[in-house]
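Following: one structure in structure tokens, then a few remarks.
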Amino acid sequence: MAASADTITDDGNHTVELTVLANEESEANGGSAAASSEEITPLLTQIERPKINIFSVSRSRRKPRELVIKAPETEISPVSQFMLWAWSGSRYSGLLCMALSSVIYFVMEVLSENFTAQSIPLFEMAFVRCTVTLILSYIWLRRIGLPIFGATHPRKLLLLRSLVGYLSLLSFIYCIQRIPFSLAILLSFTTPIMASIMARIILYEKLKITEIGGLACSFSGMLFIFQQMLTTQGGLQKTEEASNSSFRGSNHIYAALIGFFSSITGGISYCLIKAAAKATDQPVLTVLSFAILGSPAAGICTFAFEEFVLPSFNSVSLMLALGILSFLAEVFLAHGLQLEKINKAANVMFLEAALSQLWGIGTSSIAPSLGRLVGCILIIISVSFTMFFGPEKENE
């Protein structure tokens with residue numbers, strides 16, 4: 001005898017059925033019972049879902065700690081953030097690069113005046129600067145993976161930039177050795193005006209009235225500053241007395257014309273720098289091209305036109321430091337010309353003269369005067385106006 005029970009659930013009501021079979025009947029129906037049990041078993045068996053709670057979930061604690069540790073490594077210092085922003089992160093980047101270039105040139109001037117312990121010929125100093133610039137430019141381009149000579153098309157621009165740039169440097173060195181230092185510097189600061197004129201002729205840049213006014217205001221400030229230096233016996237008395245013998249001769253007009261020619265070629269060189277930097281999309285190539293020609297040419301001129309002077313350790317250290325600063329100033333200058341119109345970028349170059357005069361007045365190395373203060377104020381107002389209101393979105 002066998003008994004089987006079956007439970008059926010229907011809407012919460014339970015029904016129990018009891019069936020009693022005989023042994024023979026159960027044996028006869030054994031196969032069918034087994035089959036029915038196989039059919040019933042899946043219906044009764046339910047797959048139990050695993051119970052999940054907050055203690056059963058395993059979490060890796062190493063990844064968050066690794067992220068916390070790596071976070072400080074990706075932080076950038078404020079100085080680096082400012083440099084990145086000034087280089088390419090703002091619409092003011094072009095003018096900021098020009099301002100940084102002027103500040104670096106001003107720092108070079110301060111270092112030259114305060115730490116020069118030995119008289120070094122100008123061509124020898126130019127040779128060291130060009131050599132340092134050549135090495136640093138080569139390292140820069142190698143690290144970013146760019147070819148040294150760039151593409152084939154801009155090579156003509158780079159070659160012209162090198163020739164015109166070195167011609168401007170050669171003319172300026174000739175000029176500064178034969179006329180008073182203050183007059184030579186005044187002539188050199190006509191380069192921004194020449195650059196604006198040449199940009200209108202060569203690059204077809206539009207010259208607005210506001211830009212003409214900014215250049216006129218800055219150059220008027222230069223006239224106020226150097227008028228005092230030329231008419232008074234101030235800190236440049238020794239320099240003027242040393243150069244009076246050549247200035248009073250018959251060649252002083254010729255030397256002044258050579259200085260003006262240096263300004264014209266310098267203005268053309270700025271136009272070529274802008275064109276080459278845009279064509280290559282890498283301003284360091286313009287710096288390298290000038291150094292490739294300038295370094296051997298300055299070395300030849302050192303032995304051909306001047307007497308070589310063996311520099312001391314302090315002089316070598318100073319020239320190396322000035323070479324590094326010169327490289328940075330030229331890179332910022334090339335990038336600023338690449339991003340901004342020459343008419344606006346050239347006006348920022350007058351900032352160097354204002355900083356130099358203010359530093360001299362602050363350190364009592366230059367006698368303060370009304371003309372110098374008026375000149376510095378005019379330059380600062382003009383440059384500030386260009387910096388804050390100059391960058392415009394123009395459809396060139």
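The values are calculated or read from the model by the stated rules, or taken from the named source; none is laboratory data. The model shown is predicted, which means the values in this text are computed figures rather than measured ones. Every residue, glycine among them, receives a Cβ derived from its backbone with ideal geometry; neighbour counts consider all protein chains shown. Protein only, heavy atoms only, side chains kept; ligands, DNA and RNA dropped before computing areas. Shrake-Rupley method; radii C 1.70, N 1.55, O 1.52, S 1.80 Å.
Using only alpha carbon positions, build the gyration tensor of the stretch 126-187, then give the equivalent ellipsoid semi-axes as the square roots of 5 times its eigenvalues, largest first, whole angstrom. Could you put the intermediate results ahead of the total?
Values: eigenvalues 190, 46, 13 Å².
They are 31, 15, 8 Å, listed from largest to smallest.
Using 0.36 nm per residue of separation minus the Cα-Cα distance, give me the extension gain between Ile135 and Val309 in nm, one decimal. Intermediate values should be presented prior to the final figure.
Values: separation 174, 0.36 × 174 = 62.64 nm, distance 2.27 nm.
Length gained between Ile135 and Val309: 60.4 nm.
For the stretch 333-374, what is the accessible area per residue in Å² when the probe is 1.4 Å?
Details: 1440 Å² over 42 residues.
Accessible area per residue, the stretch 333-374: 34 Å².
Ordered by packing density, taken as the mean number of other Cβ atoms within 10 Å over each peptide's residues, highest first, how do 301-312, 365-376 rank?
365-376, 301-312
DSSP loop (so not H, G, I, E, B), at most 10 other Cβ within 10 Å: list which chymotrypsin sites (Phe, Trp or Tyr not before Pro) in the stretch 166-223 pass both filters. Can you show the working numbers first?
Values: sites: Tyr166, Phe172, Tyr174, Phe181, Phe189, Tyr204, Phe219; in loops: Phe189, Tyr204.
Hits after loop and neighbour filter: Tyr204.
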